[in-house]
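Enquirer: Handing you this structure, nothing more for now.
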There are 6 protein chains.
Amino acid sequence: MDMHPPNNEHTDDEMLKIEVNLDDIPGEWLGHVMDLLFRAGATDVFYSPIYMKKNRPGVLLQLLCSKNDFDAMKEILLSETTTLGFRYYPITVQRMERRFIKVNTKWGAITVKQGISKGEVFQQSPEYDECKSIADKYGVPLKKVYEAVWKQLP
Amino acid sequence: MDMHPPNNEHTDDEMLKIEVNLDDIPGEWLGHVMDLLFRAGATDVFYSPIYMKKNRPGVLLQLLCSKNDFDAMKEILLSETTTLGFRYYPITVQRMERRFIKVNTKWGAITVKQGISKGEVFQQSPEYDECKSIADKYGVPLKKVYEAVWKQLP
Amino acid sequence: MDMHPPNNEHTDDEMLKIEVNLDDIPGEWLGHVMDLLFRAGATDVFYSPIYMKKNRPGVLLQLLCSKNDFDAMKEILLSETTTLGFRYYPITVQRMERRFIKVNTKWGAITVKQGISKGEVFQQSPEYDECKSIADKYGVPLKKVYEAVWKQLP
Amino acid sequence: MDMHPPNNEHTDDEMLKIEVNLDDIPGEWLGHVMDLLFRAGATDVFYSPIYMKKNRPGVLLQLLCSKNDFDAMKEILLSETTTLGFRYYPITVQRMERRFIKVNTKWGAITVKQGISKGEVFQQSPEYDECKSIADKYGVPLKKVYEAVWKQLP
Amino acid sequence: MDMHPPNNEHTDDEMLKIEVNLDDIPGEWLGHVMDLLFRAGATDVFYSPIYMKKNRPGVLLQLLCSKNDFDAMKEILLSETTTLGFRYYPITVQRMERRFIKVNTKWGAITVKQGISKGEVFQQSPEYDECKSIADKYGVPLKKVYEAVWKQLP
Amino acid sequence: MDMHPPNNEHTDDEMLKIEVNLDDIPGEWLGHVMDLLFRAGATDVFYSPIYMKKNRPGVLLQLLCSKNDFDAMKEILLSETTTLGFRYYPITVQRMERRFIKVNTKWGAITVKQGISKGEVFQQSPEYDECKSIADKYGVPLKKVYEAVWKQLP
């Protein structure tokens with residue numbers, strides 16, 4: 001498995017997009033496929049609905065990965081889907097600097113991920129998993145947790 | 001199999017919509033299911049993409065049929081899909097009067113279906129299958145066949 | 001055209017959902033159809049992608065309206081789309097109380113719509129059109145306008 | 001929370017479909033909303049993409065529930081989404097008899113859910129969660145687990 | 001902002017496709033983002049529904065632009081969406097020659113855009129905005145305006 | 001028309017993806033366009049729903065073809081759709097070895113396509129058209145035909 005991309009602002013020329021059209025796989029397998037691809041180092045995996053020949057509703061699987069992870073992705077696609085092939089092409093990924101700050105709420109501190117370009121903060125996203133844990137633990141709407149964080153943002 | 005709906009303008013209170021969520025069926029079977037449902041009297045059958053639990057891309061099958069055809073639809077859904085149940089509710093269908101006229105083109109006459117309400121012609125649709133036959137037979141773009149019909153419409 | 005629904009919390013039993021499947025209309029007409037339906041009193045209009053027979057990508061038009069507006073909707077659907085019919089069924093709509101408050105930002109006051117049930121405020125939504133006007137006028141990201149409002153919410 | 005529907009073949013007239021259009025909610029909240037609705041007794045919850053006014057990609061939330069669970073659903077929709085209302089209508093649900101059998105594989109026994117109508121077995125579905133556990137535990141493709149079950153089906 | 005592409009038939013090797021996956025942005029912001037990207041020189045902007053991890057309905061933003069407009073696009077994506085990065089790859093665009101003719105109708109002349117390849121006219125599209133203006137001004141169905149133009153096409 | 005790709009495992013660097021956005025074409029034409037593109041040598045053709053400017057539901061046509069077939073594809077896109085241009089980029093296609101075996105069922109032998117990588121069989125897919133023929137001829141559910149094949153797979 002590949003290292004995560006670095007946190008500083010950078011342009012990454014070593015990435016691929018891999019695509020597979022699927023019309024003969026039960027949808028319930030695809031949740032599992034997504035899990036496996038992420039675990040093996042994909043930086044993103046997503047599905048979109050497509051219309052294929054012979055009136056078939058199909059699914060387009062797209063994944064982004066480092067070129068170093070190509071073999072791991074190939075192995076999973078062959079083993080876990082029903083495809084006889086796939087296609088890919090190089091992409092360039094532009095990533096902002098990522099910084100993590102803590103914001104206090106009445107339920108405890110919550111991490112906020114910042115997206116920074118040339119020193120300026122463009123994005124501030126409360127970490128979903130932490131917010132969800134608090135929502136589940138305290139029986140409070142997730143929306144309220146986000147709102148509490150938003151009010152504290154610098 | 002049910003009779004086709006009548007050609008005069010009318011409101012039909014004897015119709016149902018049946019719906020099934022499918023997340024464990026290969027997409028390639030669904031083209032066949034659509035064929036069978038139409039053959040058994042469904043007045044329309046269509047699929048839409050849905051997002052289901054556990055990250056599953058699924059398909060929502062919807063069909064419209066007369067209440068008289070309920071049993072035939074049920075039989076196909078149980079036999080040909082993977083579902084353990086389905087849901088339905090009554091709908092009212094408003095249909096325009098349908099009339100068929102002929103329009104001459106250099107490749108021969110083509111049927112145009114008219115939709116009429118209170119004596120006024122609202123829609124004029126060249127019959128797709130006839131246009132496609134001509135396109136295939138004469139090696140002409142389908143678009144050109146439609147354009148030729150449009151120019152002749154009253 | 002129908003009156004807007006009242007602002008107090010209520011259950012409305014006088015509503016319909018109308019649906020039309022469209023496979024022979026250019027997409028560019030559908031933006032116009034949406035405008036007309038809203039203007040004629042529809043409380044919502046939306047499209048979803050569907051897969052229809054003969055490998056046709058189609059569009060499902062759905063609209064919500066008061067029963068009093070049925071004739072106006074019918075007129076537009078017949079005149080402006082290519083359909084030969086449509087279907088409908090009664091729905092019950094549950095609406096929260098709506099109240100409007102003002103929140104101050106450095107660009108001026110912005111209206112926030114509150115959704116209230118049994119006296120409790122559940123939703124607080126900055127009015128999109130006002131935020132967009134400010135974003136356009138001051139050349140500031142829309143996101144910043146929303147964030148400024150969120151910080152001031154009670 | 002409602003009891004699960006019974007296992008015998010039956011028609012259930014006490015069900016509702018509830019629908020909400022959402023155009024102002026971050027997608028990441030919606031996974032949480034789905035979890036909560038299922039936990040509170042919804043028999044199904046699913047999303048579909050819709051096109052709304054002002055060029056907004058939106059999400060249509062649909063859920064199926066017993067009329068007894070209406071209040072629990074309402075509470076979650078108000079608290080956890082951004083909506084100011086929702087709509088609903090009664091549906092009839094037709095459910096096959098459900099029976100559970102065990103099938104042996106080299107990784108142990110796996111439950112198969114059968115769907116039965118008038119005594120005839122129409123569906124046989126290996127339980128996804130059990131197959132996935134085996135796939136994860138033994139490092140074997142999920143597809144292989146299903147294939148092993150399929151071969152043993154009566 | 002970039003110049004519009006030239007009107008003669010040509011192949012353009014100086015174009016990019018930029019893509020962003022969005023799962024934490026309210027849909028209502030995305031109409032505004034589309035406006036801004038077009039204004040800044042994008043030659044096309046469109047959204048498609050995607051299924052992302054953790055049961056999230058997401059949106060894939062795709063835009064086409066000249067390499068010269070890359071910085072302007074980047075600025076908008078960082079400022080107006082919630083993303084921490086985006087990806088891109090070079091594309092080649094093949095454009096037909098565009099010519100504009102006028103067609104007379106009883107409501108006045110309407111522009112028709114022609115698409116021409118090697119001197120042959122392949123496409124003839126009435127200008128949507130002009131047709132819509134007439135439809136709004138004269139209270140006539142948009143469909144009728146198009147039909148009137150189609151009949152006059154050479 | 002191009003030769004079909006060879007049956008042995010290989011990487012194909014001579015492929016293109018061509019894309020067209022369509023917002024002014026009736027959906028019913030698109031089934032015909034798909035047929036023509038396949039007949040002219042496209043290795044895949046599929047549609048996905050997109051949201052375009054001015055509230056237009058549109059369709060993204062994607063096709064995969066050998067570089068040798070570029071001119072044939074271009075000819076069809078110009079003649080049969082309403083587009084004024086299209087875009088394309090090179091892709092690499094990875095294809096497994098394909099082998100065909102026969103499996104016996106009570107309705108006769110059915111071909112199964114195997115996908116093989118480095119000598120290992122990863123996929124085994126009953127040929128849809130043969131299964132469908134049997135289902136139609138013997139009046140048996142397509143599902144039953146597949147299940148019968150699955151049980152016989154090596």
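Enquirer: How many residues, within region D:104-120, are in a loop (DSSP other than H, G, I, E, B), over 19 Å from D:Ala135 (Cα atoms) and in contact (Cβ under 8 Å) with a residue 24 or more places away in the chain?
Expert: Total meeting the criteria: 1.
Yes or no, residue by residue, for (1) crowded, with 18+ Cβ neighbours inside 10 Å; (2) free of Cβ contacts under 8 Å to residues at least 40 places away in the same chain:
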residue: C:Glu75; (1), (2): no, yes
residue: C:Tyr128; (1), (2): yes, yes
residue: C:Tyr138; (1), (2): no, yes
residue: C:Lys144; (1), (2): no, yes
residue: C:Pro154; (1), (2): no, no
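Enquirer: I've got another one for you. Taking the criterion of being of a type in the set (A, V, I, L, M, F, W, C), in contact (Cβ under 8 Å) with a residue 40 or more places away in the chain and buried (at least 23 other Cβ atoms within 10 Å of the Cβ), would at least one residue in region B:5-19 satisfy it?
Expert: For region B:5-19, residues of a type in the set (A, V, I, L, M, F, W, C), in contact (Cβ under 8 Å) with a residue 40 or more places away in the chain and buried (at least 23 other Cβ atoms within 10 Å of the Cβ): present.
Enquirer: Is it the case that some residue within region B:85-100 is free of Cβ contacts under 8 Å to residues at least 12 places away in the same chain and of a type outside the set (Gly, Ala, Ser)?
Expert: No; the residues of region B:85-100 include none that is free of Cβ contacts under 8 Å to residues at least 12 places away in the same chain and of a type outside the set (Gly, Ala, Ser).
Enquirer: May I ask you to verify whether F:Val33 is under 30 Å from F:Pro154 (Cβ atoms) and open to solvent by less than 30 Å² (accessible area, probe 1.4 Å)? Steps first, please.
Expert: Details: under 30 Å from F:Pro154 (Cβ atoms): no; open to solvent by less than 30 Å² (accessible area, probe 1.4 Å): yes.
For F:Val33, the condition - under 30 Å from F:Pro154 (Cβ atoms) and open to solvent by less than 30 Å² (accessible area, probe 1.4 Å) - is not met.
Enquirer: Restricting to region B:75-103, name every residue that is among the charged types (D, E, K, R), within 30 Å of D:Leu63 (Cβ to Cβ) and in contact with a strand residue (DSSP E or B) (Cβ under 7 Å, 6 or more places away or on another chain).
Expert: Matches in region B:75-103: B:Arg87 only.
Enquirer: While we're on this one: Within region A:6-48, how many residues turn out to be basic (Lys, Arg) and out of contact with any Phe, Trp or Tyr (no Cβ under 9 Å at 6 or more places or on another chain)?
Expert: Summing the residues that are basic (Lys, Arg) and out of contact with any Phe, Trp or Tyr (no Cβ under 9 Å at 6 or more places or on another chain) in region A:6-48 gives 1.
Enquirer: Filter region B:100-124 down to residues that are open to solvent by less than 20 Å² (accessible area, probe 1.4 Å) and closer than 14 Å to F:Pro26 by Cβ, then give me how many there are.
Expert: The number of residues fulfilling the criteria is 1.
Enquirer: Check D:Lys106 against each of (1) within 30 Å of B:Leu16 (Cα to Cα); (2) charged (D, E, K, R); (3) out of contact with any strand residue (DSSP E or B) (no Cβ under 9 Å at 6 or more places or on another chain) and name the one condition it does not meet.
Expert: Tallying (1) within 30 Å of B:Leu16 (Cα to Cα); (2) charged (D, E, K, R); (3) out of contact with any strand residue (DSSP E or B) (no Cβ under 9 Å at 6 or more places or on another chain), D:Lys106 fails exactly one: (1).
Quick grid of which residues meet (1) within 21 Å of F:Tyr88 (Cβ to Cβ); (2) among the hydroxyl-bearing types (Ser, Thr, Tyr); (3) out of contact with any helix residue (DSSP H, G or I) (no Cβ under 7 Å at 6 or more places or on another chain):
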{"residue": "E:Asp35", "(1), (2), (3)": "no, no, yes"}
{"residue": "E:Ser48", "(1), (2), (3)": "yes, yes, yes"}
{"residue": "E:Glu80", "(1), (2), (3)": "no, no, no"}
{"residue": "E:Ile91", "(1), (2), (3)": "yes, no, yes"}
{"residue": "E:Ile101", "(1), (2), (3)": "no, no, yes"}
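Enquirer: When you go through (1) part of a helix (DSSP H, G or I); (2) closer than 30 Å to C:Ile50 by Cβ one by one for E:Ser133, which number turns out not to apply?
Expert: (2)
Enquirer: Wholly within region C:1-103, which strands (runs of 3 or more DSSP E) include no fewer than the required count, namely at least 3 residues that are away from chain F (no Cβ under 14 Å) and at pLDDT 95 or above?
Expert: Output list reads C:10-22, C:56-66, C:85-95.
Enquirer: Looking only at region B:43-73, count how many residues are open to solvent by 20 Å² or more (accessible area, probe 1.4 Å) and under 27 Å from B:Gly115 (Cβ atoms).
Expert: 4
The values are calculated or read from the model by the stated rules, or taken from the named source; none is laboratory data. Note that the structure is a prediction, hence the values are computed from the model and not measured. When we count neighbours, we look across all protein chains shown, and the Cβ atoms used for this are built from the backbone with ideal geometry, even at glycine. Remember, those area values only see protein heavy atoms, side chains included, never the ligands or the DNA or RNA. Shrake-Rupley method; radii C 1.70, N 1.55, O 1.52, S 1.80 Å.
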